[in-house]
1. Within the stretch 124-140, take every residue that is open to solvent by 10 Å² or more (accessible area, probe 1.4 Å) and not β-branched (V, I, T) and give me the one that is nearest to the chain's Cα centre (by Cα).
2. Could you check the stretch 161-195 and list, in sequence order, the residues that are of a type in the set (G, A, S), more than 30 Å from S149 (Cα to Cα) and surrounded by 18 or more Cβ atoms within 10 Å (Cβ to Cβ)?
3. Can you tell me which residue within the stretch 30-61, out of those that are open to solvent by 30 Å² or more (accessible area, probe 1.4 Å) and in a loop (DSSP other than H, G, I, E, B), is farthest from ligand 1 (Cβ to nearest atom)?
4. Conditions: (1) open to solvent by 10 Å² or more (accessible area, probe 1.4 Å); (2) within 16 Å of ligand 1 (Cβ to nearest atom); (3) more than 20 Å from H226 (Cα to Cα); (4) touching a residue at least 40 places away in the same chain (Cβ under 8 Å). P121 meets all but one. Number of the miss?
5. Can you tell me which residue is nearest to ligand 2 (Cβ to nearest atom) among those in the stretch 151-160 that are touching a residue at least 24 places away in the same chain (Cβ under 8 Å) and buried (at least 24 other Cβ atoms within 10 Å of the Cβ)?
6. It is to be established whether one or more residues within the stretch 161-176 are touching a residue at least 40 places away in the same chain (Cβ under 8 Å) and away from ligand 2 (no atom under 16 Å from the Cβ).
7. Tally time: how many residues in the stretch 64-86 are away from ligand 2 (no atom under 14 Å from the Cβ) and open to solvent by 30 Å² or more (accessible area, probe 1.4 Å)?
8. Looking only at the stretch 265-320, which residues are small (G, A, S), farther than 14 Å from P200 by Cβ and touching a residue at least 60 places away in the same chain (Cβ under 8 Å)?
Amino acid sequence: MTEAAGSGAEQDLESQFEATIGRDQRIEPRDWMPEGYRRTLIRQVAQHAHSEIIGMQPEGEWITRAPSLRRKAILLAKVQDEAGHGLYLYSAAETLGADRADLTERLIEGRQKYSSIFNYPTLSFADVGVIGWFVDGAAICNQVPLCRSSYGPYARAMVRICKEESFHQRQGYELLMTMMRGTDEQREMVQDAVDRWWWPSLMMFGPPDGDSPNSAQSMAWKIKRHSNDELRQRFVDMTVPQAARLGVTLPDPELRWNEERGHHDFGTPDWSELKAVISGDGPCNTERVARRRAAHEEGAWVRAAASAHAAKQAARAREEAVA
Ligand SMILES: [Fe+2]
Ligand SMILES: [Fe+2]
C-alpha cells in the first residue's frame, strides 16, 4: 500500500468515526477511533473507576459503628454497590485496551487521580447521610448524561450504575430525615455534616468552565454532554428545595433564587482548596492511597490463587479436549 492510499484509508476511518458521533450512534470497542479519543476515555473511565473504589473508604469506616442492624445492612449494600461500579468501569477501560493491573498501579503510585471528594474525613454517622444526599446526588447529575456518552461500553455501564446511585441518594436522604425528626443533638450533627460537605460537593463537578482545558474536546466527541458549570447549577437547583424540606441551611450566604435566570445564584467555591486536594494535599489523600495500597498487597495471595486455579482449569479443559 502506498503512503497516499494509507492516509486516504485513515481519512475514511476518521470521517466514518465523525459521522457515527454526528448521528448520535455509539462507538464500540472494535470500531476504529482516534488515539486522542481512546486516551481521553481511558483516563476518564479509569479515574471514574478509581473514584468508586476509593469512595468505599470514607463510608466503609462506619459499617462497624452503624447505629442499628437496618442501617448497617443499608450501608453495607451501598458500599458493595460502589465496588461493583468500580468493577464495571475497569472492565469498560479494558475494552479500550487498558490493563487493569496497570491502572491499579497508577492509582497506588499516585499517577492517576480519583474524585477530590473522597479526600475528606467522615466525622459522624450523619456524614453517611450527607454523602448519600450530596455526593451520590452530584454523581447522578454527572452520570445521567453519561448514559448517552458516545462510547458504548461506558454508556451501558452508566445505565446500571445510575439506577444504584439513585438508591444511594435516597438512603442518605431518608437517614437525614430520620435524624432531623430525632433529638437536637442529632439535628446539629446533620447541620454540621451539611456545613462540611456542601462546598467540597460543588467542587466535585471540577473547575469552572473557563479553567477546564479538556472539556471542549470531550464535548465535541460526545464523551461529555454538559459543561462543569451547567452540571453544578443543575445540582444546586435540585438540592435547594430538598434542603428546605429537610430543614437544614446550606452554608452559602449568596444562595438565592434568580427569577430572571430561572436558576439559583450561589457563591464561588474556594478553587485553591480544590487545586490543593487534587494535587495531593487534601485532609485524607495519603491515608486513602495507603489504605488502597495495603489492600492491594494483602490481596496478592488471592490473585495468585485465582490465577493458579484458572491455569489448572485451562489445563484440564485441554486434557479433556485431547481425550
Ligand atoms: Fe458509585
Ligand atoms: Fe453511590
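1. My answer is A139.
2. A193
3. W32
4. (2)
5. This residue is A157.
6. Checked against the condition, which is being touching a residue at least 40 places away in the same chain (Cβ under 8 Å) and away from ligand 2 (no atom under 16 Å from the Cβ), the stretch 161-176 yields no hits at all.
7. Number satisfying all stated conditions: 8.
8. Across the stretch 265-320, the qualifying residue is only G280.
The values are calculated or read from the model by the stated rules, or taken from the named source; none is laboratory data. Given the structure is predicted, the values throughout are model-derived calculations rather than measurements. Cβ atoms come from the backbone with ideal geometry, glycine included; neighbour counts cover every protein chain shown. To get the accessible areas, we keep the full protein, side chains included, count just its heavy atoms, and leave off ligands, DNA and RNA. Shrake-Rupley method; radii C 1.70, N 1.55, O 1.52, S 1.80 Å.
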